1. Hey, Gly69 hits all of (1) within 22 Å of Val170 (Cα to Cα); (2) in a loop (DSSP other than H, G, I, E, B); (3) of a type outside the set (Phe, Trp, Tyr) but one; which does it fall short on?
2. Looking at (1) at pLDDT 90 or above; (2) open to solvent by 60 Å² or more (accessible area, probe 1.4 Å), can you tell me which one Ile147 breaks?
3. Is it the case that Ala118 is part of a loop (DSSP other than H, G, I, E, B) and either aliphatic (A, V, I, L, M) or at pLDDT 95 or above (or both)?
4. Any chance you could count how many residues in the range 87-104 are among the small types (Gly, Ala, Ser) and either open to solvent by 70 Å² or more (accessible area, probe 1.4 Å) or farther than 18 Å from Gly137 by Cα (or both)?
5. Can you pull out the residues in the range 105-145 that are over 28 Å from Ser12 (Cα atoms) and more than 15 Å from the chain's Cα centre (by Cα)?
6. Take the range 109-140 and flag every residue that is more than 26 Å from Asp163 (Cβ to Cβ) and without any contact (Cβ under 8 Å) to a residue 24 or more places away in the chain.
7. What do you reckon, is Pro38 in a helix (DSSP H, G or I) and either surrounded by 15 or more Cβ atoms within 10 Å (Cβ to Cβ) or over 14 Å from the mean Cα position of the chain (by Cα) (or both)?
Amino acid sequence: MRSVTKEELRRSVRRLKQQYTPAQLEQLSQAVIARLRPRLVEAQTILAYYSLPDEVCTRQLIDELIAEGKTVLLPKVLDADRMELRRYTGPHDLAEGAYGIMEPVGEPFTDYALIDIALIPGMAFDAAGHRLGRGRGYYDRFLSLLIPPSSLLLPRFFGLCFDFQKVDTVPSDDHDIPVDIVI
């Protein structure tokens, strides 16, 4: 039996997402965030993402984390190959960036060793933590730069997805960075 290609899997997941209304995706997001929330209690510095309409919604979560005094970092696309992190302090820190994504406008953050947890979006995930992104490779290139902490007890990379995005197998290559836990 032929295995599915990355692009075929992306198309399949896009079709699944289109079966849900924005209100339904918001409701599904709340369930994912409820499962994630207890894992963030001890974390102080969190790499997150400002969600697109078809992703697990993180917008309320990141504002709550800021209100709790945590440091929240968001990615900013620099060019066709690179992204960097910037500190997020609230919605006023955002401007539309590459691909229509709202991105932070503050100063770059480079002290990667301080990051306790990274919340990673994806098109699909499997139980082994393999992640299928949107196909541009930004997260795989960036996550390879993060230095694993020597004494961190919590898993570092959390993949966030709706339950229908969890699949048996995600095709992966040597350069693909898996997540530690899929929420």
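1. Against the list (1) within 22 Å of Val170 (Cα to Cα); (2) in a loop (DSSP other than H, G, I, E, B); (3) of a type outside the set (Phe, Trp, Tyr), Gly69 comes up short only on (1).
2. Exception for Ile147: condition (1).
3. no
4. Summing the residues that are among the small types (Gly, Ala, Ser) and either open to solvent by 70 Å² or more (accessible area, probe 1.4 Å) or farther than 18 Å from Gly137 by Cα (or both) in the range 87-104 gives 2.
5. Hits for the range 105-145 are Val105, Gly106, Glu107, Pro108, Phe109, Thr110, Asp111, Tyr112, Ala113, Leu114, Leu145.
6. Asp111
7. Yes.
Rundown of residues vs (1) in contact (Cβ under 8 Å) with a residue 12 or more places away in the chain; (2) in contact with a strand residue (DSSP E or B) (Cβ under 8 Å, 6 or more places away or on another chain), yes/no style:
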| position | (1), (2) |
| --- | --- |
| Lys6 | yes, yes |
| Ala23 | no, no |
| Pro38 | no, no |
| Tyr50 | yes, yes |
| Asp63 | yes, no |
| Val77 | yes, yes |
| Glu84 | yes, yes |
| Glu107 | yes, yes |
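The values are calculated or read from the model by the stated rules, or taken from the named source; none is laboratory data. Predicted model, so just to flag it, every value in this text is computed and none were measured. No Cβ is skipped: glycine too gets one built from the backbone with ideal geometry, and neighbour counts run over all protein chains shown. With ligands, DNA and RNA removed, areas are computed over all heavy atoms of the protein, side chains included. Shrake-Rupley method; radii C 1.70, N 1.55, O 1.52, S 1.80 Å.
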